[in-house]
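A.B. asks: Before I ask anything, let me first share the structure, which is written out below as structure tokens.
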Amino acid sequence: MRYHPHTPEDVRAMLDAIGAESLDALFRSIPERLRLSRPLDLPPAADEVTLFSELRALAARNDTAHTPFVGAGCYPHHVPPVVDQLLLRGEFFTAYTPYQPEVSQGTLQALFEWQTFVCLLTGMDVSNASMYDGATAMAEAALMATRVTGRSKIVVSAAVHPEYRKVLATYLRSTGDEIATVPFGPDGRTDLAALEKAVDGGTAAVIVGYPSFLGVVDALPEAAAIAKRAGALTISVTAEAVALGLLQAPGALGADVAVGTFQSFGNPLAFGGPAPGFFALREQFVRQMPGRVCGATVDKHGRRGFVLTLSTREQHIRREKATSNICTNSGLSALAATIHLSLLGKKGLTELARLNFTRARLLKDALGRAGISPVFSAPSFNELAFDVGDAEAVVARLAKRGIAAGAPLARWYPELRGAKGALLCVATELHTPELIELFAQAVKG
């Protein structure tokens, strides 16, 4: 049965209200060649038995024998089975927007805990109740910086995730704000001399990866010092959040805003998404923060409860005063990350981060014995680029053995010296020493 929420009379009334003659007239701005003039070419609906059979056949085409060595912004980690079980709890059924606190305490408390974890890991004062993903969080941070400073130039390191930078460019295309990209040096860290030259009195923010897309622990304190001297904000971007269990918090290193994704906690790879974005900052900027904030209070009986305290998006306040048009978030993914972090605790997260660091060192040593060296010399966490001669050829060859070998950097950085051989690889707690050794020998050929 097809569901049509609007009657023909409803449609006519809406068209009259906006001054459109017809639905075709409403969509006249879409070129004719892009409009579909026939029904979608879809097979008829299937019964459950047929549907499950088809889904099993599709799933069987996946190579799942080996944990992938591909990171590049989305990381393979163990997700405890209890995470999925707790996601089914009735308290979380109202996972969209908790407007009514009396029926949304489960969701509100989970979001409050999410904000607490984000602040603990980033060293910031305030976190919002999550974003769509890391890329949009970064773009929203740049927009916020322009509002806070009244400036229009965003300086971003080329070592920040290239796809994040594309989203940033898309966001700023209509605002007229300038994006200046500074290169990274031979060691993989942002070129500080180039950064110093690019940052000026018109700069609203400096954006640096922490760790960067290249797996490198970038020079965040030095970049923050350069930004501060120019009166600009510093934005750190973290895609591999497990690193925050080992590295010093970005807030302690001079960052004013910390954004990224907690995909690494509670969220499987799932073809790259969904993954919750986080957004944290210093309290002085809280009223310019996009999204919403959950807070704790007490009811008239003195019992602790949770409510929405700040909602600066256009769904809640006048459009012209809104900080963002973000109207929802990856709520279920954020809940999964919150549950996983609750299970880990401070000690468990530290142990997990150290294990990731150790496995990456095992990978480096194993490839070193095979005569394969890292591309960059700067410190790294659990991801490194290696010179394998011909990265695309290695990826294709190992794919035949059911091994996802890594991400060839030439896909994003064709100008990189030795780009053809640069293969970005990750090692996490899922990569056993035996698998790492097998991988090294397979790369060697």
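A.B. asks: Hey, which aspartates and glutamates would be in cross-link range of Lys444, C-alpha to C-alpha under 17 Å, not counting anything within fewer than 8 residues on its own chain?
C.D. replies: Result set, ordered by chain and number: Asp365, Asp387, Asp390, Glu392, Glu434.
A.B. asks: Quick check on my link table: of Lys166/Lys197; Lys197/Lys420; Lys153/Lys228; Lys197/Lys228; Lys153/Lys321; Lys166/Lys321, which ones sit more than 18 Å apart, alpha carbon to alpha carbon?
C.D. replies: Exceeds cut-off: Lys166/Lys197; Lys197/Lys420; Lys153/Lys321; Lys166/Lys321.
A.B. asks: Which entry in (i) 1.03; (ii) 1.00; (iii) 1.12 matches Rg/Rh (Cα atoms, Kirkwood Rh) derived from the coordinates of this structure?
C.D. replies: For Rg/Rh (Cα atoms, Kirkwood Rh), the calculated option is (ii).
A.B. asks: Please compute the length gained on full extension between Glu351 and Arg28, using 0.36 nm multiplied by the number of residues separating them and subtracting their Cα-Cα distance.
C.D. replies: My answer for the length gained is 110.5 nm.
A.B. asks: So what J values fall out for region 53-67 if you push phi through Karplus, 6.51 cos²θ - 1.76 cosθ + 1.60 with θ = phi - 60°, rounded to Hz, Gly and Pro as x?
C.D. replies: Values, residue by residue: 5, 5, 5, 5, 5, 5, 5, 5, 7, 7, 8, 10, 5, 10, 5 Hz.
A.B. asks: If ligands, DNA and RNA are left out, what is the accessible area of Leu172 with a 1.4 Å probe, given in Å² to the nearest 10?
C.D. replies: That residue has around 10 Å² of solvent-accessible surface.
A.B. asks: Heavy atoms only, probe 1.4 angstrom, no DNA, RNA or ligands counted: give me Trp114, Trp412 ranked by accessible area, highest first.
C.D. replies: Putting Trp114, Trp412 in descending order of accessible area: Trp412, Trp114.
A.B. asks: With θ set to phi - 60° and the Karplus curve 6.51 cos²θ - 1.76 cosθ + 1.60, what are the ³J(HN,Hα) couplings of region 10-22 in order, to the nearest whole Hz, using x for Gly and Pro?
C.D. replies: 4, 4, 4, 5, 5, 5, 4, 5, 9, x, 9, 6, 7
A.B. asks: Express as a percent, rounded to the nearest 5, the fraction of DSSP beta bridges in the chain (both residues included) that run antiparallel.
C.D. replies: Bridges in the chain are about 55 percent antiparallel.
A.B. asks: Right, next: Within region 362-376, whose backbone N sits under 17 Å from a point 7 Å along Cα→Cβ of Ala393?
C.D. replies: 371-373
A.B. asks: Let me ask something else about it. Can you tell me the accessible area per residue over the chain, all protein chains present, probe 1.4 angstrom, in square angstrom?
C.D. replies: Per residue, the chain has 50 Å² of solvent-accessible surface.
A.B. asks: Once label points are set 7 Å from the Cα along Cα→Cβ at both Asp63 and Glu21, what is their separation, rounded to one decimal in nm?
C.D. replies: Modelled inter-label distance: 5.7 nm.
A.B. asks: Once you order the gyration tensor axes a ≥ b ≥ c over the Cα atoms, which shape class does region 1-114 get: rounded for a/c under 1.5, otherwise prolate or oblate by comparing a/b with b/c?
C.D. replies: oblate
A.B. asks: I've got another one for you. Tell me which residues come under 5 Å, amide H to amide H, from Asp218 once H is placed; ignore anything under 5 positions away on its chain.
C.D. replies: Counting only residues 5 or more places away or on other chains, the set is Ser212.
A.B. asks: What list of ³J(HN,Hα) values in whole Hz, one per residue of region 168-179 in order, does the Karplus curve 6.51 cos²θ - 1.76 cosθ + 1.60 (θ = phi - 60°) give from phi, with Gly and Pro shown as x?
C.D. replies: For region 168-179, the Karplus curve yields 4, 4, 5, 4, 8, 4, 9, 9, x, 6, 9, 10 Hz.
A.B. asks: Still on this model: Check the straight Cα-Cα distances from Lys346 and name the aspartates and glutamates below 15 Å, setting aside those fewer than 8 residues away within the same chain.
C.D. replies: Straight-line reach from Lys346, under 15 Å: Glu113.
A.B. asks: Could you check which residue among Pro221, Pro31, Pro81 shows the biggest mean-square fluctuation in a GNM of the chain with a 10 Å Cα cutoff?
C.D. replies: The residue with the greatest mean-square fluctuation here is Pro31.
A.B. asks: If you average the C-alpha positions of region 20-76 and of region 396-429 separately, how far apart do those two centres end up, in angstrom?
C.D. replies: 27
A.B. asks: Hey, another quick one. Highest mean first, how do 389-398, 115-124, 230-239 rank when packing is the count of other Cβ atoms within 10 Å averaged over residues?
C.D. replies: 230-239, 115-124, 389-398
A.B. asks: Can you tell me which aspartates and glutamates have their Cα less than 16 Å from the Cα of Lys347? Leave out same-chain residues fewer than eight positions away.
C.D. replies: By straight Cα distance, Lys347 reaches Glu429.
A.B. asks: Related question: Sort 287-296, 148-157 by the packing proxy (mean of other Cβ within 10 Å over each peptide's residues), most packed first.
C.D. replies: Ranking, from highest mean packing down: 148-157, 287-296.
A.B. asks: Based solely on its DSSP helices, what 222 nm [θ] is calculated for the chain when runs of n ≥ 4 H residues each add -39,500 (n - 2.57) and the sum is averaged over all residues, nearest 500 deg cm²/dmol?
C.D. replies: Taking each H run of at least 4 residues, the total per residue is -11000 deg cm²/dmol.
A.B. asks: So for region 109-220: antiparallel DSSP bridges make up what percent, rounded to the nearest 5?
C.D. replies: Antiparallel: roughly 10 percent of the beta bridges in region 109-220.
A.B. asks: Can you give the FRET efficiency to the nearest 0.05 for Asp200 and Leu269, using r as the Cβ-Cβ distance and R₀ = 35 Å?
C.D. replies: Result of the calculation: an efficiency of 0.30.
The values are calculated or read from the model by the stated rules, or taken from the named source; none is laboratory data. These numbers were taken from a predicted model, which means no experiment stands behind them. Note that each Cβ is placed from the backbone with ideal geometry, even for glycine, and that neighbours are counted across all protein chains shown. These accessible areas exclude ligands, DNA and RNA; they are computed on the full protein's heavy atoms, side chains included. Shrake-Rupley method; radii C 1.70, N 1.55, O 1.52, S 1.80 Å.
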